[in-house]
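K.L.:
Here it is, the structure, as structure tokens.
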Amino acid sequence: MANFYTDTPELKHHLEHPLMKRIVELKERSYADKDKFDYAPVDFEDAMDSYDKVLEIVGEICGDIIAPNAEGVDHDGPVCANGRVTYAPGTAANLEACRKAGLMGMAMPRRLGGLNFPITPYIMAADIVSRSDAGFENLWGLQDCAETIYEFGSEEQKQKYIPRVCAGETMSMDLTEPDAGSDLQAVMLKATYSEKDGCWYLNGVKRFITNGDSDIHLVLARSEEGTKDGRGLSMFIYDKRDGGVNVRRIENKMGIKGSPTCELTYKNAKAELCGDRKLGLIKYVMALMNGARLGIAAQSVGISQAAFDEALAYAKDRKQFGKAIIEFPAVFEILSLMKAKLDASRTLLYETSRYVDIYKALDDIAKERKLTPEERQEQKRFAKLADSYTPLAKGMGSEFANQNAYDCIQIHGGSGFMKDYACERIYRDVRITSIYEGTTQLQVVAAIRYVTTGAYLNSIKDYEATEVAPEMKPLQDRLKTMAAKYSACVTQITEAKDQELLDFFARRLVEMASYTIMGHLLTQDASKSPELFGDSAQVFVRWAESEVEKHINFIRKFDKEDLAYYRK
Ligand SMILES: Cc1cc2nc3c(=O)[nH]c(=O)nc-3n(C[C@H](O)[C@H](O)[C@H](O)COP(=O)(O)OP(=O)(O)OC[C@H]3O[C@@H](n4cnc5c(N)ncnc54)[C@H](O)[C@@H]3O)c2cc1C
């Protein structure tokens with residue numbers, strides 16, 4: 001009987017963050033549901049207790065069902081016949097277990113059949129599911145497409161689709177096309193309105209669509225004839241019950257094999273417009289992608305956890321030269337850095353999810369009543385923080401997860417190269433995290449403006465002013481020195497007023513900002529729970545310091561003419 005929630009006390013530490021009080025207060029609206037639903041909480045403690053209990057169920061299902069099924073699912077994979085997809089038997093069993101436990105549509109309001117979970121405990125469930133099977137997380141996690149219908153759909157659409165998602169129907173997000181990947185403005189799938197039938201029809205092709213044979217699709221399509229950019233795109237809902245979309249094939253992939261990645265053909269597929277015309281990419285996909293990016297950040301953290309667990313267990317067990325390999329400094333250094341990167345990406349994940357929670361809850365309240373000026377300010381502040389932290393959580397979290405999966409194999413030596421150990425699957429599964437939902441390069445494109453506007457530096461200044469435990473003070477001081485060097489570097493680059501040079505250094509600048517932020521968050525975690533995070537804070541800040549020095553050294557010695565060596 002394994003429980004992937006209770007065996008990881010770091011999760012509860014993050015769940016019990018002081019900001020949860022405000023999040024629950026906003027999400028539960030003075031506990032207004034308590035008289036309507038017997039499972040609705042009556043106060044803050046009751047709400048926190050319900051998150052804890054549901055996460056325990058998630059942990060149990062992951063430990064006892066999903067993780068043991070992962071190897072079989074990786075081997076069997078889904079199959080496609082006659083335009084339809086059949087999941088691997090293990091995937092079907094996992095989905096059934098989640099449905100039975102009521103784990104679908106978790107963040108949706110109770111009146112539509114959900115659990116009204118804030119994003120933070122929902123994302124924690126995603127972290128746990130990903131540790132058990134990263135590919136399954138994709139299918140289960142697509143439930144957050146319902147959020148887009150909830151935010152932007154009509155009341156009729158909410159009533160029609162969201163209860164179905166909460167009851168266990170699955171979703172997909174159909175954006176990518178052969179010529180529209182990172183650049184979604186190039187989407188060409190055609191949406192035509194029929195005056196005669198009073199509805200829209202979709203025609204064209206999508207590719208690389210996860211769970212492409214889902215029950216309910218969100219589709220980005222070109223509704224404005226003759227347009228070529230993002231302003232001609234709208235968002236549609238396609239219901240599989242109406243027919244018109246077929247799966248041409250399932251991609252033969254490197255990893256996350258249980259998750260069917262589909263090429264889809266749309267032939268006069270009837271669809272409903274979601275929200276307003278022309279706002280498909282500009283507004284709705286941006287919101288959808290921000291949610292999905294947080295999901296991939298959680299997936300990355302879950303995989304990092306799995307990689308660390310496997311590496312630690314192997315290093316304790318494997319003996320060479322008469323002792324366990326964990327006793328060699330070269331090995332224990334790798335392991336400690338893996339744990340530090342895991343803890344650093346996890347603390348950034350939950351800092352981000354709390355920011356998302358606050359602004360989204362206020363957005364939702366604003367649909368019912370006018371926000372007070374203080375609430376409006378709070379909404380604006382947290383929306384900006386969420387926007388600036390999401391690309392860091394996704395970008396850096398997925399890079400750390402990839403590094404951890406690499407190191408996990410290294411610790412296993414030759415055995416790691418064999419299919420006998422889970423680390424081989426983890427290594428294949430993790431690779432996609434830094435590609436889909438926007439590659440790391442695209443996360444850097446999203447994040448760099450917060451470097452140049454000083455938004456990250458402002459957050460860092462707030463962290464510098466936060467009280468930490470006396471034993472963490474020396475680390476906080478080291479982080480202050482790092483931030484001063486980062487700030488000087490940003491000034492040097494922005495003063496040059498050279499866009500190409502800024503683009504060239506962008507990744508380094510974004511990394512410096514995020515390492516400093518993660519370092520601060522870890523010193524705060526270690527101040528509260530030194531037994532859980534003390535070592536990671538020490539290891540991470542030392543590592544981050546040397547990385548920042550490396551970047552600064554590179555930037556300082558770089559001349560504009562040097563770019564010529566790099567152009568290929
Ligand atoms: C397994 C899998 C599942 C997927 N699931 C879905 C899904 O469910 N729904 C969906 O809509 N899509 C899905 N995708 C598509 C995925 O989101 C895209 O593959 C991804 O966004 C990258 O697009 P691309 O493959 O066209 O690469 P390209 O856009 O061609 O990028 C190629 C390279 O160029 C770089 N690059 C591109 N533009 C820039 C720039 N401006 N600055 C710097 N570098 C740049 C990229 O970083 C990358 O290294 C999935 C893909 C895979 C592989």
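The values are calculated or read from the model by the stated rules, or taken from the named source; none is laboratory data. This is a predicted model, so every value here is computed, not measured. Positions of Cβ are generated from backbone atoms using ideal geometry, with glycine treated the same way; all protein chains shown enter the neighbour counts.
K.L.:
Please find, among 112, 142, the residue that is modelled with pLDDT of 95 or more and within 16 Å of the ligand (Cβ to nearest atom).
P.N.:
On the way: 112 fails: within 16 Å of the ligand (Cβ to nearest atom).
Result of the check over 112, 142: 142.
K.L.:
Let me ask something else. Which of the residues spanning region 26-55 are surrounded by fewer than 18 Cβ atoms within 10 Å (Cβ to Cβ) and within 18 Å of residue 350 (Cα to Cα)?
P.N.:
The answer is 48, 52.
K.L.:
Next up: Select from region 483-497 the residues that are in a helix (DSSP H, G or I) and among the charged types (D, E, K, R) and write down the one among them that is nearest to residue 509 (Cα to Cα).
P.N.:
The extreme case among them is 485.
K.L.:
Turning to a different aspect of this structure: Scanning for something more than 18 Å from the chain's Cα centre (by Cα) and modelled with pLDDT of 95 or more, does region 348-362 turn up at least one residue?
P.N.:
Within region 348-362, the subset more than 18 Å from the chain's Cα centre (by Cα) is 361-362.
Now narrow it down to the ones that are modelled with pLDDT of 95 or more: 361-362.
There is at least one residue in region 348-362 that is more than 18 Å from the chain's Cα centre (by Cα) and modelled with pLDDT of 95 or more.
K.L.:
Taking residue 221 as meeting all but one of (1) touching a residue at least 12 places away in the same chain (Cβ under 8 Å); (2) of a type in the set (Gly, Ala, Ser); (3) not in a strand (DSSP E or B), write down the number of the exception.
P.N.:
(3)
K.L.:
Still on this model: Which of the following residues is in a helix (DSSP H, G or I) and under 22 Å from residue 158 (Cα atoms): 278, 283, 316, 270? Give the derivation first.
P.N.:
Details: 278 fails: in a helix (DSSP H, G or I); 316 fails: under 22 Å from residue 158 (Cα atoms); 270 fails: in a helix (DSSP H, G or I).
Checking each option against the conditions leaves just 283.
K.L.:
Identify the residue in region 471-495 that is over 17 Å from residue 517 (Cα atoms) and in contact (Cβ under 8 Å) with a residue 40 or more places away in the chain and, among all such residues, is surrounded by the most Cβ atoms within 10 Å (Cβ to Cβ). Break it down stepwise before answering.
P.N.:
Filtering region 471-495 for residues over 17 Å from residue 517 (Cα atoms) gives 471, 491-495.
Then drop every residue that is not in contact (Cβ under 8 Å) with a residue 40 or more places away in the chain, which leaves 471, 492-494.
Numbers: 471: 14, 492: 13, 493: 21, 494: 15.
Out of the qualifying residues, it is 493.
K.L.:
A further question follows. Quick check on this structure: which one of 419, 480 is over 20 Å from residue 387 (Cα atoms), more than 15 Å from the ligand (Cβ to nearest atom), at pLDDT below 95 and of a type in the set (Lys, Arg)? Reasoning before the result, please.
P.N.:
On the way: 480 fails: at pLDDT below 95.
Every option except 419 fails the conditions.
K.L.:
Give region 422-460 a look and list any residue that's of a type outside the set (A, V, I, L, M, F, W, C), within 23 Å of residue 517 (Cβ to Cβ) and away from the ligand (no atom under 15 Å from the Cβ), or say none. Spell out the reasoning first.
P.N.:
Filtering region 422-460 for residues of a type outside the set (A, V, I, L, M, F, W, C) gives 424-425, 427-429, 431, 433-434, 436-441, 443, 449-450, 452-454, 456, 458-459.
Subsequent filtering for residues that are within 23 Å of residue 517 (Cβ to Cβ) retains 433-434, 437-441, 443, 449-450, 452-454, 456, 458-459.
If the condition is that a residue be of a type outside the set (A, V, I, L, M, F, W, C), within 23 Å of residue 517 (Cβ to Cβ) and away from the ligand (no atom under 15 Å from the Cβ), then 450, 452, 453, 454, 456, 458, 459 are the ones that fit.
K.L.:
Here's another thing I want to ask about it. Could you run through region 181-203 and say how many residues are within 13 Å of the ligand (Cβ to nearest atom), surrounded by fewer than 19 Cβ atoms within 10 Å (Cβ to Cβ) and not in a loop (DSSP other than H, G, I, E, B)?
P.N.:
2
K.L.:
May I pose another question? I'm trying to understand the selection: among the residues of region 376-414, which are farther than 30 Å from residue 307 by Cα and either surrounded by 16 or more Cβ atoms within 10 Å (Cβ to Cβ) or of a type in the set (Lys, Arg) (or both)? Quick ask: steps written out before the conclusion?
P.N.:
If we filter region 376-414 for residues that are farther than 30 Å from residue 307 by Cα, which is where we start, we get 376-384.
376, 378, 379, 380, 381, 382, 383, 384, listed by residue number.
K.L.:
Starting from region 426-455, keep only residues that are in the same structural domain as residue 208 (by TED's automatic domain parsing) and more than 30 Å from residue 416 (Cα to Cα), then list their pairs with residues that are within 7 Å of the ligand (Cβ to nearest atom) and not β-branched (Val, Ile, Thr) whose Cβ atoms are within a distance under 7 Å, requiring at least 6 positions of separation or different chains.
P.N.:
If the second residue must be within 7 Å of the ligand (Cβ to nearest atom) and not β-branched (Val, Ile, Thr), no pairs are left.
K.L.:
Let me ask you something else. Collect the residues in region 104-114 that are surrounded by fewer than 22 Cβ atoms within 10 Å (Cβ to Cβ) and in a loop (DSSP other than H, G, I, E, B), keeping them in residue-number order. Before the answer, list the steps.
P.N.:
To start, the set of residues in region 104-114 that are surrounded by fewer than 22 Cβ atoms within 10 Å (Cβ to Cβ) comprises 109-113.
Once the filter is applied, which keeps residues that are surrounded by fewer than 22 Cβ atoms within 10 Å (Cβ to Cβ) and in a loop (DSSP other than H, G, I, E, B), region 104-114 yields 109, 113.
K.L.:
Before we move on, is residue 206 surrounded by fewer than 19 Cβ atoms within 10 Å (Cβ to Cβ) and either more than 23 Å from the chain's Cα centre (by Cα) or touching a residue at least 40 places away in the same chain (Cβ under 8 Å) (or both)?
P.N.:
Values: surrounded by fewer than 19 Cβ atoms within 10 Å (Cβ to Cβ): no; either more than 23 Å from the chain's Cα centre (by Cα) or touching a residue at least 40 places away in the same chain (Cβ under 8 Å) (or both): yes.
When the stated conditions are applied, residue 206 does not pass them.
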